[in-house]
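Read through the structure below, which is laid out as structure tokens, and then see the notes.
The values are calculated or read from the model by the stated rules, or taken from the named source; none is laboratory data. None of the values given here were measured: they were computed from a predicted structure. Virtual Cβ from ideal backbone geometry, glycine too; neighbours counted across all protein chains shown.
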Amino acid sequence: MLRGRPMNSFDFHTVSFLNQFAHLSGVLNNCLFLFEQSNLLTWVPITALLWWAWFKGDGQEDSNRKLVITTIVAVGLVTIFFYFCDRHALIGFRSRPMFNPRLDFQTPSGIQLPSPDSYWGKTETFPSGHAAVFAALGVGLLYISRPAGTLVLVYSLLVCLGRIYFGIHYPSDIIGGACVGIAAVLFARTKLIDYLLTRRLIKWPMHHPSSFYAVFFIVTYSVATGFQELKGIAGPMKLIMKIIWH
């Protein structure tokens, strides 16, 4: 039985349009799927731009580094949002496109997608965590370098289109996630967050560079690996918090 809310026409027509190319080329589908699932080709290049922006020698190092910190704070806010929010309660559970019988989704040739009992079959689709983090990184980098920020946003859009094509997300999931990421950047740039976090964090590398760069590496490593380790411990951590608070 199909669970969750019915699809809107925008989601239905967009997924159906992309799905008509599912059997165009098995080799191409395989290449696209490998690209989609590869952290080295998706997360790593975008994360590397944070290091590029940090060491960008254009005479505005202080401003650039403050903006990098702001961007990382925004990504942190996105992570907190997804950790604590009940996505099931936002719109109700709905099957991913690949499992949705209303779509009659055709699995792209050459690809073996997971079963409904897998992680993708049991997790909520809205909003997209990928789109949220990509948007936060792209918009954050726009304030440092318009070409770099634009490149990230365009690159991220292509990755997210792939997630729609393979039936992982609906277009509204991507739009919702992007809105979360943009909102996080705007909130991170407020005077409140600047006073509470950014001003203090920007002083850290000046006073204790060794500890700062150790933590900076861990944070950017987490982003570069798509937060896989964090996802792995999220469930147990939530259980521990429930035990502590109850």
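How many of the residues making up the range 54-70 are without any contact (Cβ under 8 Å) to a residue 12 or more places away in the chain and in a loop (DSSP other than H, G, I, E, B)?
Counting residues in the range 54-70 that are without any contact (Cβ under 8 Å) to a residue 12 or more places away in the chain and in a loop (DSSP other than H, G, I, E, B) gives 5.
I need the full set of residues from the range 177-186 which are under 28 Å from residue 19 (Cβ atoms) and surrounded by 21 or more Cβ atoms within 10 Å (Cβ to Cβ), in order please.
Across the range 177-186, the qualifying residues are 177, 178, 180, 181.
Could you please find all residues in the range 187-230 being of a type in the set (A, V, I, L, M, F, W, C), surrounded by 12 or more Cβ atoms within 10 Å (Cβ to Cβ) and within 29 Å of residue 126 (Cβ to Cβ)?
Those that are of a type in the set (A, V, I, L, M, F, W, C), surrounded by 12 or more Cβ atoms within 10 Å (Cβ to Cβ) and within 29 Å of residue 126 (Cβ to Cβ): 187, 188, 193, 197, 219, 223, 224, 227, 230.
Quick one: how many residues across the range 108-131 are farther than 30 Å from residue 186 by Cα, at pLDDT 90 or above and not in a loop (DSSP other than H, G, I, E, B)?
0
Out of contact with any Phe, Trp or Tyr (no Cβ under 8 Å at 6 or more places or on another chain) and of a type outside the set (Val, Ile, Thr): is that true of residue 170 in this structure?
Working: out of contact with any Phe, Trp or Tyr (no Cβ under 8 Å at 6 or more places or on another chain): no; of a type outside the set (Val, Ile, Thr): yes.
Against the criterion (out of contact with any Phe, Trp or Tyr (no Cβ under 8 Å at 6 or more places or on another chain) and of a type outside the set (Val, Ile, Thr)), residue 170 does not qualify.
Go through 134, 105 for me and flag whichever is at pLDDT 95 or above and either surrounded by fewer than 22 Cβ atoms within 10 Å (Cβ to Cβ) or out of contact with any Pro (no Cβ under 8 Å at 6 or more places or on another chain) (or both).
134
What helices (runs of 4 or more DSSP H) completely inside the range 135-220 contain at least 1 residues that are β-branched (Val, Ile, Thr)?
In the range 135-220, the matching helices (runs of 4 or more DSSP H) lie at 146-165, 171-188.
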